[in-house]
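The values are calculated or read from the model by the stated rules, or taken from the named source; none is laboratory data. Everything quoted here is computed from the prediction, not taken from an experiment. Cβ placement follows ideal geometry from the backbone for every residue including glycine, while neighbour counts extend to all protein chains displayed.
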Amino acid sequence: MSISRTKPGALALVGSGEYLSQMDETDRFLLDTLGGPAAARVVVIPTASALELGMPERWNNMGVDHFRALGAQVSPVMLLTRDDAQDERVLADLRGADLYYFSGGNPEHVIETLRDTPAWQIIRAGYAAGAVLAGCSAGAMMLGGYTLSVRAVMRGQPPRWLLGFGVAPGIVLLPHFDRVADFAGAEMFRAILAAAPPDTTLVGVDEDTALVHTPNGAERRWQVFGRQTVSVFDREGGRAIYRAGDAVALGPL
């Protein structure tokens, strides 16, 4: 039996681990906000991995297996290009879904592919009407107000920012945060923090961990799920660390 929806739906920003058993608790929780697995139609979307040979198919196969095991109806959607984002067959698969899940890859590609397209309009409207919107790694980065150019950081260039989709407008998300030091280093992280766009908060989400925005009675709140932590930074570099079950002090959407 379905439940009445609270608009908009739940929003999940996942550090890593999409479609793996360590995220079962998080995804069951998301499905429960929709009235349970039997009430949900899930679509899995591998746009961010489109530039990696064979990866969209791999992520979608994993997503189908994962959500079926949780008891939900699930459809893989091969939305990889801007042409796909305007293809009526793809749009038909997106319409009326209860949970949209974006797997990881390249955040710049997914933004460039979806911006100002009918596909994103359908997804955003569905979320506004009560569907769950979840993204992992690059799929989560795109949902903030701005997205860090991973390409620039990996080349050792100064931080560069790409306008995100603004579902969580005050957030700049860094996934895989427990590994950030390995690929960015302390000096680069300080530069990223200093260069963060105005009126945003830098939020690091560790691997196998999710930051979820959900209704809580008459209110809505952010909460941590998973095995590691979420870090929230202020402009002076101060760091607040939150663990599973903690409510996180971030502003409303």
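Note on the stretch 1-22: among residues that are out of contact with any helix residue (DSSP H, G or I) (no Cβ under 7 Å at 6 or more places or on another chain) and within 19 Å of ALA125 (Cβ to Cβ), the one that is modelled with the highest pLDDT is LEU11. Of the residues that make up the stretch 184-201, is at least one at pLDDT 95 or above, under 20 Å from the mean Cα position of the chain (by Cα) and of a type in the set (A, V, I, L, M)? No, that holds for no residue.
Evaluation of GLU207 against the conditions (1) out of contact with any strand residue (DSSP E or B) (no Cβ under 8 Å at 6 or more places or on another chain); (2) modelled with pLDDT of 95 or more; (3) closer than 20 Å to LEU162 by Cβ; (4) not small (Gly, Ala, Ser) shows that the sole unmet condition is (3). The single condition among (1) of a type outside the set (Asp, Glu); (2) closer than 19 Å to PRO8 by Cβ; (3) at pLDDT 95 or above that ASN216 does not satisfy is (3).
Specify which of the listed residues (ALA48, ALA97, ALA119) is part of a loop (DSSP other than H, G, I, E, B), hydrophobic (A, V, I, L, M, F, W, C), surrounded by 16 or more Cβ atoms within 10 Å (Cβ to Cβ) and in contact with a helix residue (DSSP H, G or I) (Cβ under 8 Å, 6 or more places away or on another chain). None of the others qualify; the one that does is ALA97.
For first residues located in the stretch 136-153 and free of Cβ contacts under 8 Å to residues at least 40 places away in the same chain, partners that are in a helix (DSSP H, G or I) and of a type in the set (Val, Ile, Thr) and lie 6+ apart or on another chain with Cβ distances below 6 Å do not occur. Checked against (1) closer than 22 Å to PHE177 by Cα; (2) touching a helix residue (DSSP H, G or I) at 6+ places or on another chain (Cβ under 9 Å), GLU25 passes all but a single condition, namely (2). If I go through the stretch 81-127 residue by residue, how many of them are out of contact with any Phe, Trp or Tyr (no Cβ under 6 Å at 6 or more places or on another chain) and closer than 14 Å to THR147 by Cβ? Result for the stretch 81-127: 12.
If the condition is being aliphatic (A, V, I, L, M) and either within 20 Å of HIS109 (Cβ to Cβ) or over 18 Å from the mean Cα position of the chain (by Cα) (or both), then the stretch 55-73 contributes MET55, MET62, ALA69, LEU70, ALA72.
Only residues that are of a type in the set (A, V, I, L, M), in a loop (DSSP other than H, G, I, E, B) and more than 21 Å from TYR19 (Cβ to Cβ): list them for the stretch 125-156, please. Answer for the stretch 125-156, where residues must be of a type in the set (A, V, I, L, M), in a loop (DSSP other than H, G, I, E, B) and more than 21 Å from TYR19 (Cβ to Cβ): just ALA129. For the stretch 230-243, state whether one or more residues are surrounded by 19 or more Cβ atoms within 10 Å (Cβ to Cβ) and outside any strand (DSSP E or B). There is no residue in the stretch 230-243 that is surrounded by 19 or more Cβ atoms within 10 Å (Cβ to Cβ) and outside any strand (DSSP E or B).
Within the stretch 128-176, the set of residues being within 21 Å of ALA12 (Cβ to Cβ), of a type in the set (Gly, Ala, Ser) and over 12 Å from the mean Cα position of the chain (by Cα) comprises ALA128, ALA129, GLY130, ALA131, GLY145, GLY170.
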